[in-house]
Structure formats: structure tokens, C-alpha cells
Amino acid sequence: MEFHLATPEDCQPAAEKILQTFPETRLFLLEGPPGSGKTTLIQAFMRCLGVEEPVTSPTFALAHLYHNSAGKAFAHLDLYRIGSLEEALEAGLAEILEEPYEKIFIEWPSCVPELFDDKDTVRIFCAYQGFYRRVVVKGTHESS
């Protein structure tokens, strides 16, 4: 699945389509260079899931937790500052992944890829392409 997003508003229908395509998946892993739209796309996911509070990047906090009006919980993690698996484990990342969040959105999962090797995930690759952002989406069980 691929999207070309010209504006931040274009993220909303893309997020809706991704969530509809992968309704049972909990882990969404977002990769891409700084400024490529990862956090903006996560903001759209959270709106689709009914989160009304502002969604911001947890770069310095590691994780931000959100709830919708139905009481469902969602997590947004940013692993950019994590340098190793040991550091991730010390920060409690394994425990966060085991918590009963409906969905977990993770920026920079390549910082500790071994944490996600055996998990059912949706991988989202964001990149610049001309005047828009190109977003490529692959589920764990999709063929190349």
C-alpha cells in the first residue's frame, strides 16, 4: 500500500485506510528521516482512534500515552535516542510492549530492531519525494 501526501490533512484518510486494512495489528513501526511526516501521521492515527488531546513527539520522554473517550489506551514511542537493546530494556520498553494498549505507534524502531523481529507489525516507511511525502505500508505477513 502506498500514499502520496501533499499536506498534513492528507494524513487522515491515509491513517483511516491503514487502520481499516490492519484492524488486528497492535504495533505500527514508522521509519523515515527527520521531518518526513512520522509524527504527523501518528497524530492522524490518534484522531482516527478518537484521541482528542494534542499528540506530540515523545523524543525526550520516550513514550506518550493517550486515551480516547471510550477509555481505550494507546502509546506513542520515539526510540531515536535509544542506542542499544540494553538501553531500551533499561528504559522499560519491553514492559511497555507487554501492556494492554490497543495500538502502539513507534518511531525509529530500527534503533532496536530485535525487539520487533517476532512480532506482528505494520511497517510504515515515510520519505520525501518532490513536493510531497511518500508513505509505503507493509504488514508482517504481506509479500514484498
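The values are calculated or read from the model by the stated rules, or taken from the named source; none is laboratory data. Values in this document were obtained by computation on a predicted structure and should not be read as measured data. Using ideal geometry, Cβ is built from the backbone for each residue, glycine included, and neighbour counts are taken over all protein chains shown.
List the pairs whose first member sits in region 26-55 and is touching a residue at least 24 places away in the same chain (Cβ under 8 Å) and surrounded by 18 or more Cβ atoms within 10 Å (Cβ to Cβ), whose second member is aromatic (Phe, Trp, Tyr) and in a helix (DSSP H, G or I), and whose Cβ atoms are under 8 Å apart, counting only residues at least 6 apart or on separate chains?
PHE28/PHE45
Of the residues PRO13, PRO58, PRO8, PRO23, which single one is under 20 Å from THR140 (Cα atoms) and free of Cβ contacts under 8 Å to residues at least 60 places away in the same chain?
After applying the criteria, what remains is PRO23.
Search region 81-101 for residues that are surrounded by 12 or more Cβ atoms within 10 Å (Cβ to Cβ) and pair each with any residue that is among the polar types (S, T, N, Q) when their beta-carbon atoms are under 9 Å apart and the residues are at least 6 apart or on different chains.
The qualifying pairs are ARG81/THR59.
Kindly indicate which of LYS119, LYS138, LYS103, LYS38 is among the basic types (Lys, Arg), farther than 27 Å from HIS4 by Cβ and under 16 Å from the mean Cα position of the chain (by Cα).
Sole residue among the options that is among the basic types (Lys, Arg), farther than 27 Å from HIS4 by Cβ and under 16 Å from the mean Cα position of the chain (by Cα): LYS119.
Would you mention how many residues in region 103-119 are assigned to a loop (DSSP other than H, G, I, E, B) and either surrounded by 15 or more Cβ atoms within 10 Å (Cβ to Cβ) or not charged (D, E, K, R) (or both)?
The qualifying residues number 3.
Filter region 1-43 down to residues that are touching a helix residue (DSSP H, G or I) at 6+ places or on another chain (Cβ under 6 Å), under 23 Å from ASN68 (Cα atoms) and not polar (S, T, N, Q) and give me whichever is modelled with the lowest pLDDT.
Selected residue: PRO8.
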